[in-house]
Amino acid sequence: MATAPTSRDSVSKLDKLYEGFRKKFPEVPEITVQELHGWMRAAEVNEGPPPVLVDVRTLAEQQVSMIPGSNTLTQREFEERGPDAFLGRRIACYCTAGYRSGLFADKLRRRHGLDAYNLRGSILAWTQAGYPLANPRDGAPTNRVHVFSKDWALQGNGYEPVMFQRPMVPILTDAVGGLWQSGLRLLTGKRGSHTGTKAIREPSADKVVLNNE
């Protein structure tokens with residue numbers, strides 16, 4: 001996606017926002033979107049192993065758009081496969097700006113010894129660099145990105161900010177659903193199968209509204 005350069009003000013605000021998060025996970029290594037993009041491009045030409053991307057946002061947020069790629073998983077898909085499936089792999093975690101993904105990467109490193117990284121600035125920084133997004137339903141390119149709130153509308157130029165009328169509803173719904181599935185797996189001893197990002201179901205959260213509505 002070719003776009004005009006993102007304003008320095010938006011880049012600076014996102015950087016400041018992320019720096020405020022970092023104290024919550026000081027031991028987690030971070031990568032920039034440029035470094036992650038380089039890993040992905042190297043893997044495409046067989047010059048390095050493909051990184052595993054883990055989107056730790058809610059299902060409703062993921063329905064708006066995700067970072068494309070066959071190795072991009074939702075947090076639920078990642079956990080269903082289990083941490084042992086990713087031993088020795090480089091794992092890049094992302095969310096909206098880097099807070100939730102930093103906490104998740106910290107858990108993967110401390111509890112499971114995985115080579116997990118936090119994507120600095122996460123999906124917002126990805127758009128600021130002009131990199132593509134995909135609709136997880138069909139993999140088609142999209143310029144829409146969930147930004148959580150007007151204060152977080154720091155997307156790159158050429159991208160359409162999306163937010164929910166009641167942003168906490170999807171987060172709470174997703175959390176309850178995750179706990180229910182975890183309990184079910186403990187009772188049955190079964191893990192769900194990996195279905196890929198195209199299998200994400202329709203969210204039951206509030207309708208999506210755009211920033212300019």
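For this structure, a couple of remarks:
- Taking the criterion of being part of a loop (DSSP other than H, G, I, E, B) and either open to solvent by less than 30 Å² (accessible area, probe 1.4 Å) or without any contact (Cβ under 8 Å) to a residue 12 or more places away in the chain (or both), the residues of segment 30-63 that qualify are Val45, Asn46, Glu47, Gly48, Pro51, Val56, Arg57, Thr58.
- In segment 80-99, the residues that are open to solvent by 70 Å² or more (accessible area, probe 1.4 Å) and within 15 Å of the chain's Cα centre (by Cα): Tyr99
- Any hit, segment 105-118, residues being of a type in the set (D, E, K, R), at pLDDT below 95, surrounded by fewer than 21 Cβ atoms within 10 Å (Cβ to Cβ) and outside any helix (DSSP H, G or I): no
The values are calculated or read from the model by the stated rules, or taken from the named source; none is laboratory data. Everything numeric here is computed off the predicted structure, so don't read it as measured data. Quick reminder, even Gly has a Cβ in these numbers, built from the backbone with ideal geometry, and neighbours come from all protein chains shown. Heavy atoms of the whole protein, side chains included, go into the accessibility calculation; ligands, DNA and RNA do not. Shrake-Rupley method; radii C 1.70, N 1.55, O 1.52, S 1.80 Å.
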